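Here is the structure we will look at.
The values are calculated or read from the model by the stated rules, or taken from the named source; none is laboratory data. It should be emphasised that the depicted structure is a prediction, and the values quoted were computed from it without experimental measurement. Counting neighbours? That spans all protein chains shown, and the Cβs are built from the backbone with ideal geometry, glycine included.
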Amino acid sequence: MAARLDEKLEPIFQDVLHRNPGEAEFHQAVHEVLETLGPVLVKYPEFAEKKIIQRICEPERQIIFRVPWQDDKGEIHINRAFRVEFNSALGPYKGGMRFHPSVYLGIIKFLGFEQIFKNALTGLPIGGGKGGSDFNPKGRSDDEIMRFCQSLMTELYRHLGEYTDVPAGDIGVGGREIGYLFGQYKRITNRYESGVLTGKGLDWGGSRARTEATGYGTVFFTQEMLKAKGDSLDGKTVVVSGSGNVAIYAIEKAHQLGAKVIACSDSGGIIVDEKGIDLDTVKRIKEVERRRISAYADVHKHARYVEDGNIWTVPCDVALPCATQNELNGSDARTLVENGCIAVAEGANMPTTPEGVQIFQEAKLCYGPGKAANAGGVATSALEMQQNASRDTWSFDYTEKRLEEIMINIHKSCYETAGEFDAPDNYVLGANITGFIKVARAMDAMGLI
Ligand code: GLU
C-alpha cells in the first residue's frame, strides 16, 4: 500500500483521480510525488496559494492523433499516437517516444509527469514531455518501421521544434527510428534543424555517449550511493533486468567499475551466467540480430535460461531494474532484501511498485528512484542539443565526463535535500523535492501561465 497523503495534498490527488479516470500509472506517479511534498508546502506556502501543484499535474497540452500505415503485404493498419507536452517552465518540452502495444494516454502521462522532475534534476534547460504509440515494432521489417515513422511524423512535425518540443527514444524507439523520424521532419519542413530530435546518428548530429548514457548514468548514480556509505561497486554481484539499450550499457559500466553482472532478461525469460554476462553476445543478439535473450544459452552452454523466470530471485548485492514500469513488486522487493541486496537503482521509469518502494525504504537499503538514477539519458540529450546549437561535436571521453559530473551532482543535490528535510538517505524525497522546487520557482516567476 502507498503511504498516506498530507491533508492539503489529498484533495489535489482526488482531483487528479477524478479528472483522469482509468489512468492507473499516471495516478501512481502523481501519488508518489505528492507523498513527499507535504514539508515543501510548509516551507513555501506561496506554492500552495498559487496552486503550483495543481498546475503541474495538468499537462500544458496533449496531442492524440491517428497514424495510418501499410505493411509489406499492403494491408492497412491504424495506430494511435500521443505527445503530452507537460511542462515548459525550464525549457522546451523534452522526453522520449515509446512504441509499445501497452501504450495509452495513462502511460504517456506518467512518463511525461516523471520527466518534468527528472529533467529539472539534470540542471539543464529542458522542460518535460513524452510521447509514443501503441504500435508494436516486434517482427516488423525496416520498411514497415520506416513507413510507420514517416506517417507519425507527418502529423507530429507541426508540434515540434528545437525551441518547442524535442523528442528522443524510449522503449521501441532507437537510432533507426530517430533516423526515419528526422528524415521525414527535414523533408516536410525543408529545415536541417538538428536540435529538433535527440539520439541521432553520430554522422548526422548525434552526440557521442548518448546511446550509453542512460545505463552508464544509472551505474554512476549507484556508485555515488555506495560511496556515501563508504562502499563501492568493486567486487559486487549485480542483477540487471531487461536487455535493451538501458540494460546493455548498465552492464557495460558495472563491469568497467569492477562489478560482476550475473543475470539479465527479456519479456520471455531470464539468463543467469555465474561467470558474468558476456556483453558482446547480448549486444549481437539484441542490437544486431534483434532476437530473444534465450539465444544466449545456445552460445554459452554453462549459462541457464529460465523461461518466464523471475530475475529478482537471483541473489545479488545490487539490483538494477532496467526493463519497464512495475516490473518489481512488493514480494520481489522482500526477496531482494532477504537475499542481502544493499542497493537498487532504477534504469527504467517507475519499475518498482509503491509497495516495493516502501519495503526498500523500511529495509534502509540504498534506493535510487528512476527520475534521479536514470536522468543521464535525457541529460546527454540536452548535451546533444548544446552541441547542435553550437554546430560542434565533442569527444566520447569529454561527453562521458560531463555525464558523470551531472550524475554526481544529481546524487549530491538529492542527498543534501533529503538531509535538509530530515529524511537522510531518502532519495525519493530528495529527488522529488529538488526537482519540484526548481520547476515551481520558475513557474512562480513567470506568473499565471
Ligand atoms: N526516454 C528517456 C527518458 O526516459 C530519454 C528522453 C530524452 O532523451 O529526451 O528519460
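What to note about this one:
- Residue that is nearest to residue 107 (Cα to Cα), among those in the range 348-371 that are in a helix (DSSP H, G or I) and touching a Phe, Trp or Tyr at 6+ places or on another chain (Cβ under 6 Å): 371
- Residue match in the range 115-131 (condition: surrounded by fewer than 22 Cβ atoms within 10 Å (Cβ to Cβ), touching a residue at least 40 places away in the same chain (Cβ under 8 Å) and part of a helix (DSSP H, G or I)): no
- Cβ-Cβ under 8 Å pairs, at least 6 apart or on other chains, the range 425-449 side modelled with pLDDT of 95 or more, far side outside any helix (DSSP H, G or I) and aromatic (Phe, Trp, Tyr): 427/367; 428/367; 429/421; 430/421; 433/421; 437/44; 440/44
- Any hit, the range 83-99, residues being over 18 Å from residue 139 (Cβ atoms), part of a strand (DSSP E or B) and away from the ligand (no atom under 16 Å from the Cβ): no
- Residue within the range 112-133 that is more than 16 Å from the ligand (Cβ to nearest atom) and at pLDDT 95 or above present: no
- Any chance residue 40 is over 22 Å from residue 170 (Cα atoms), touching a His at 6+ places or on another chain (Cβ under 8 Å) and buried (at least 19 other Cβ atoms within 10 Å of the Cβ): no
- The range 267-294: number of residues that are touching a strand residue (DSSP E or B) at 6+ places or on another chain (Cβ under 9 Å) and surrounded by 15 or more Cβ atoms within 10 Å (Cβ to Cβ): 13
- Residue within the range 326-339 that is among the charged types (D, E, K, R), surrounded by 16 or more Cβ atoms within 10 Å (Cβ to Cβ), at pLDDT 95 or above and more than 20 Å from the chain's Cα centre (by Cα) present: yes
- All strands (runs of 3 or more DSSP E) inside the range 235-343 with 2 or more residues being among the small types (Gly, Ala, Ser): 260-266
- Restricted to the range 200-211, and to residues there that are within 12 Å of the ligand (Cβ to nearest atom) and of a type in the set (D, E, K, R), the residue that is farthest from residue 137 (Cα to Cα) is 210.
- So residue 361, is it surrounded by fewer than 24 Cβ atoms within 10 Å (Cβ to Cβ), within 14 Å of the ligand (Cβ to nearest atom) and modelled with pLDDT of 95 or more: no
- Candidates in the range 158-167 are the residues that are crowded, with 18+ Cβ neighbours inside 10 Å and out of contact with any His (no Cβ under 8 Å at 6 or more places or on another chain); of these, the one that is nearest to residue 186 (Cα to Cα) is 160.
- Hits in the range 86-100 (condition: buried (at least 24 other Cβ atoms within 10 Å of the Cβ) and not polar (S, T, N, Q)): 86, 93, 94, 95, 96, 97, 98, 99
- Exclusive hit being more than 19 Å from residue 94 (Cβ to Cβ) and either touching a Lys or Arg at 6+ places or on another chain (Cβ under 6 Å) or of a type in the set (Lys, Arg) (or both), set 438, 401: 401
- Cβ separations smaller than 6 Å between residues 6+ apart or across chains give the following pairs from the range 277-297 residues that are at pLDDT 95 or above to residues that are of a type in the set (S, T, N, Q) and in a helix (DSSP H, G or I): 296/281.
- Positions within the range 364-405 being hydrophobic (A, V, I, L, M, F, W, C) and either at positive phi or away from the ligand (no atom under 13 Å from the Cβ) (or both), in sequence order: 365, 366, 389, 394, 396
Listed here are the residues, each with its yes/no results for (1) in a helix (DSSP H, G or I); (2) within 16 Å of the ligand (Cβ to nearest atom).
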position: 150; (1), (2): yes, no
position: 163; (1), (2): no, yes
position: 177; (1), (2): yes, yes
position: 182; (1), (2): yes, yes
position: 191; (1), (2): no, no
position: 198; (1), (2): no, yes
position: 213; (1), (2): yes, yes
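- Flag: residue 230 matches the condition of being surrounded by fewer than 22 Cβ atoms within 10 Å (Cβ to Cβ) and at pLDDT 95 or above.
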